[in-house]
Amino acid sequence: MESEDEELEQLEGEELVKGLKKKWECLQKEMEGFERGSLYSQLSQPKTRKDWKKAEANWKLGYNGLLKRSEHRTAQQLLE
């Protein structure tokens with residue numbers, strides 16, 4: 001950060017304006033990240049009833065029932 005500031009001190013005219021604009025854009029992007037907050041703060045936000053309904057409806061989407069253990073258990077149940 002200091003090296004960037006030192007470089008800006010040495011610039012003049014249009015190059016200085018371009019350098020300051022670039023620095024401003026970087027700072028804005030950095031601030032957007034702070035405004036969004038951390039992933040933990042997003043997850044720990046209070047959830048509405050609608051959010052919970054949606055989460056509960058989708059909780060099983062990642063599992064398709066084809067794990068070896070499930071296949072074995074199903075085969076065992078069919079033999080009984």
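Just one of the listed residues (LYS60, LYS50, LYS54, LYS23) is in contact (Cβ under 8 Å) with a residue 12 or more places away in the chain and either at positive phi or basic (Lys, Arg) (or both), namely LYS23. With respect to being open to solvent by less than 90 Å² (accessible area, probe 1.4 Å) and at pLDDT below 80, GLY65 fits the description. Is it the case, given these coordinates, that SER38 is polar (S, T, N, Q), surrounded by 10 or more Cβ atoms within 10 Å (Cβ to Cβ), at pLDDT below 90 and out of contact with any Asp or Glu (no Cβ under 9 Å at 6 or more places or on another chain)? Spelling it out, SER38 is indeed polar (S, T, N, Q), surrounded by 10 or more Cβ atoms within 10 Å (Cβ to Cβ), at pLDDT below 90 and out of contact with any Asp or Glu (no Cβ under 9 Å at 6 or more places or on another chain). Does TRP52 satisfy the criteria of being open to solvent by 100 Å² or more (accessible area, probe 1.4 Å), among the hydrophobic types (A, V, I, L, M, F, W, C) and either at pLDDT 85 or above or touching a Phe, Trp or Tyr at 6+ places or on another chain (Cβ under 9 Å) (or both)? Considered against the rule, which asks whether it is open to solvent by 100 Å² or more (accessible area, probe 1.4 Å), among the hydrophobic types (A, V, I, L, M, F, W, C) and either at pLDDT 85 or above or touching a Phe, Trp or Tyr at 6+ places or on another chain (Cβ under 9 Å) (or both), TRP52 comes out as yes. Residues in segment 28-80 that are among the small types (Gly, Ala, Ser) and part of a helix (DSSP H, G or I): GLY33, SER41, ALA55, ALA57, SER70, ALA75.
The values are calculated or read from the model by the stated rules, or taken from the named source; none is laboratory data. Remember, predicted model here, so these are calculated numbers, not experimental data. Neighbour counts are summed over all protein chains in view; Cβ atoms, including those assigned to glycine, are modelled from backbone coordinates with ideal geometry. Note: accessible area is taken over every heavy atom of the protein model, side chains too, but ligands, DNA and RNA are not part of it. Shrake-Rupley method; radii C 1.70, N 1.55, O 1.52, S 1.80 Å.
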